[in-house]
Amino acid sequence: MIWDKKAECMTQKQRESLQLERMQKTVKYVYEKVPFYKKRFNESKIKPAEIKSLADISKLPFTAKADLREGYPFGMFAVPREQIVEIHTSSGTTGKPVVAGYTRNDLAMWGEVMGRTLTMIGANQNDVIQNCYGYGLFTGGLGIHYGAQRIGATVLPISAGQTKRQLQVMQDFGSTILTCTPSYALYLAEVAEEEGITAKKLKLKAGCFGAEMWTEKIRDEIEKRLHLTALNIYGLTEIIGPGVAQECPKKNGLHIAEDHFYPEIISPDTLEVLPEGEKGELVLTGITREGMPMIRFRTKDVTALRRGKCGCGRTLVRMDRITGRSDDMLKIRGVIVFPSNIEKALLEVKGVEPHYQIIVTRPQFLDEIEVKVEITKKMFSDEVKHLEKLKQEIEDHIEEKIGLRIKVTLVEPKSLPRSEGKAQRVVDMRNFK
Amino acid sequence: MKLKQISVFLENKKGHLLEVLNVLSKAKINIRALSIADTSDFGILRLILPDPDKAAKILSQNKITVKETEVIAVGVSDKPGGLAEALQALNSANLNLEYMYAFVAKSKEKAVVVFRTENINAGIKALKKAGIPMLKAEEIYRI
């Protein structure tokens, strides 16, 4: 089923003309309404009227996460705060969160793109959607919620956690659609197995899973163990939240709602726009947002775009599953962590030298993070209590700086791999590729 | 009275203790006494060897983190209450014992125990005052 055939199955000509019209309108709008953009455009010596074709977007400057932090809290809003009817923030641990403001129209558009998303995975008004994304400032919970209401499904706003109760509800209410992170889906599957619940006897048929990187192997596992079709959802707070892109049951990429979010792929090194099919960093421009339109927002997510009509009938461009980041950002249990901040905190502890390695693993379903720190002759004490104290001191300091408790392990000097060029500081063993 | 002890940082990994012992074995250094303090992540290997300076040098050359620490070798009467008597001397002087471990071999009917007190000189003084015999470094290396 397709929620909005007109929007999702446009011809190239229809789409391009709609996108251009919306892009021109948005560029002019932000230039007039947001001092940040006016300043940036002036610095780049570009006037809104110079955007004459879609390709002209490359003349506009990029917007980065740091710009949003700088504008904290409401600096990126294009309307007075009074017209904002809802606020969400990102889940970062460093400094100020990213703030996103939504007008009434923005919420309507969000509901619309989420309606498309849920329809794409096979949901309709007869379904019971068990929404285990967190409700609150995080966009996941309410994003799914608005989509569910739009299509008229029955939504269970249950959030994550209390897994046994989730399973009880799933059985009693006959949930047919599951929405959560892939790791939580696997955890649910495991607890269901422990409780002796047969997945086949549940009524689940599909689910959209996202908010963290995952793989085809994890998909197979979720599908097998929960007996449903597992599809990939993509979105980010800066742009709107979930609803930016969704995979259809053909499983050959995520359809971007490009009539609302204009995608580009750039080379993170040259910042040039790359041709279709090439792998690079995804850049998004919100061409219909009212409260907080983003111009050329650098997502730092690495993917590629693919054109051509999909077997599902949609013509919306497809993006590959995200395979990495163009910066060093890590998501640990859904929380954004920058290894560079861990390093900074680490080196602030007296006696610690920059020989360390951050190891991220997912032993079962939940992420674990550990920092291995090489002990130096100066740090080495003959007494266990001194070393334990040092270890705790490092852990405390990192926690104070980044807001996350990370296990520190002291290792022998020169035991961590050295390299000629860039040292491999982060070992992510979660295997997303 | 003071005795040099070599401490080695050991990651809690398979084969690491063996590595250290192999280095000593190749250098034909015999171990007189040893103890390991361990936590879940790492351990500290403490060694008494005939030529601690040489051993420290060789271990360092083999990229092993070592530290030389001073300890006291106490000759404890090999009878019930022998060790308690030595500890009582420290207790009376209000001194903390950081750690201790025993030699396997005996010296003249005395059991040899290594003490690391919080203040090594005060420790020696307290033991001396209580008449607890201590062994000289040379005597230990000859055991």
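The values are calculated or read from the model by the stated rules, or taken from the named source; none is laboratory data. What you are looking at is a predicted structure, and each value in this text was computed from that prediction instead of being measured. All Cβ positions, even for glycine, are placed from backbone atoms using ideal geometry, and neighbour counts span all protein chains on display. Side chains included, ligands, DNA and RNA excluded: accessible areas come from the protein's heavy atoms. Shrake-Rupley method; radii C 1.70, N 1.55, O 1.52, S 1.80 Å.
Surface composition of segment A:41-165: carbon plus sulfur atoms contribute 53% of the solvent-accessible area (1.4 Å probe, protein chains only, all chains present). For chain B, the longest principal axis of the Cα atoms and the long axis of helix B:120-129 meet at an angle of about 30 degrees.
Which residues of segment A:382-398 bury at least 40 Å² of accessible area once all protein chains are present, versus their chain alone (1.4 Å probe)? Checking the loss per residue gives A:Asp382, A:Glu383, A:Val384.
Max-minus-min Cα coordinates of segment B:25-143 on each principal axis give 42, 32, 25 Å, with the largest extent listed first. Within the straight-line cut-off of under 17 Å between alpha carbons, the aspartates and glutamates reachable from A:Lys164 are A:Asp172, A:Glu190, A:Glu193, A:Glu194, A:Glu195, sequence neighbours fewer than 8 places apart in one chain being disregarded. Across segment A:194-204, rounded Karplus estimates of 3J(HN,Hα) from the backbone phi angles (6.51 cos²θ - 1.76 cosθ + 1.60, θ = phi - 60°) give 4, 7, x, 8, 8, 4, 4, 7, 6, 9, 4 Hz, Gly and Pro being marked x.
Listed by chain and number, the aspartates and glutamates whose alpha-carbon sits under 12 Å from that of B:Lys54, ignoring those within fewer than 8 places in the same chain, are B:Glu68. For segment B:1-44, a drop of 50 Å² or more in accessible area on going from the chain alone to the assembled protein chains (1.4 Å probe) is found at B:Phe9, B:Glu11, B:Asp41, B:Phe42, B:Ile44. Cross-link pairs exceeding 20 Å between alpha carbons, from the set A:Lys372/A:Lys407; A:Lys203/A:Lys309; B:Lys106/B:Lys129; A:Lys350/A:Lys385; A:Lys344/A:Lys391; A:Lys38/A:Lys59: A:Lys203/A:Lys309; B:Lys106/B:Lys129. Taking the helices alone, the protein assembly as shown has a mean residue ellipticity at 222 nm of -9500 deg cm²/dmol, built from -39,500 (n - 2.57) per DSSP H run of at least 4 residues and averaged over all its residues.
Set the Förster distance to 35 Å, then compute FRET efficiency between B:Asp38 and A:Val335 from the Cβ-Cβ distance, nearest 0.05.
The computed FRET efficiency comes out at 0.60.
Each residue of segment A:149-160 is assigned a 3J(HN,Hα), and the resulting list reads 5, 4, 7, x, 6, 8, 9, 9, x, 8, 6, 8 Hz, derived from the Karplus form 6.51 cos²θ - 1.76 cosθ + 1.60 (θ = phi - 60°), x at Gly and Pro.
Surface composition of segment A:331-428: carbon plus sulfur atoms hold 50% of the accessible area, using a 1.4 angstrom probe and ignoring ligands, DNA and RNA. Amide H contacts for A:Asp301 (H built 1.01 Å from N in the peptide plane; partners 5 or more residues away or on another chain; cut-off under 5 Å): A:Leu282, A:Ser326.
Ratio to report: Rg/Rh of segment A:30-182, with Cα atoms as the point set and Rh obtained by the Kirkwood method; give two decimals.
Ratio of gyration radius to Kirkwood radius for segment A:30-182: 1.08.
Surface burial for B against A, with a 1.4 Å probe and both sides summed, reaches about 1800 Å² of accessible area.
A simple count of charges around A:Glu43, restricted to other residues whose Cβ falls under 15 Å of its Cβ and scoring Lys, Arg +1 and Asp, Glu -1, yields +4. Sum up the charges of everything whose Cβ sits under 11 Å from the Cβ of B:Ile140, counting Lys and Arg as +1 and Asp and Glu as -1, but leave B:Ile140 out. With Lys, Arg at +1 and Asp, Glu at -1, the neighbours total +3. A 1.4 Å probe, protein heavy atoms only, puts the accessible area of A:Asp328 near 60 Å².
Using only alpha carbon pairs under 8 Å that are at least six residues apart, calculate the relative contact order of segment B:2-68 and give it in whole percent.
Relative contact order comes out at 45 percent.
For chain A, modelled as a GNM whose springs connect Cα atoms under 10 angstrom apart, the maximal fluctuation among A:Thr11, A:Thr26, A:Thr285 occurs at A:Thr11.
Expressed as a whole percent, the accessible surface of segment B:1-119 that belongs to carbon and sulfur atoms is 48, based on a 1.4 Å probe. For chain A, averaging the sequence separation of C-alpha pairs within contact (under 8 Å, six or more residues apart) and dividing by the residue count gives a relative contact order of 14 percent.
Measuring between their Cα centroids, segment A:282-306 and segment B:75-143 lie 73 Å from each other. Taken per residue, the accessible surface of the protein assembly as shown reaches 46 Å², heavy atoms only and a 1.4 Å probe. Ordering A:Gln162, A:Thr89, B:Val114 by Cα displacement along the dipole of the protein assembly as shown toward the positive end leaves B:Val114 in first place; charges were set at the Cβ atoms of Lys, Arg (+1) and Asp, Glu (-1).
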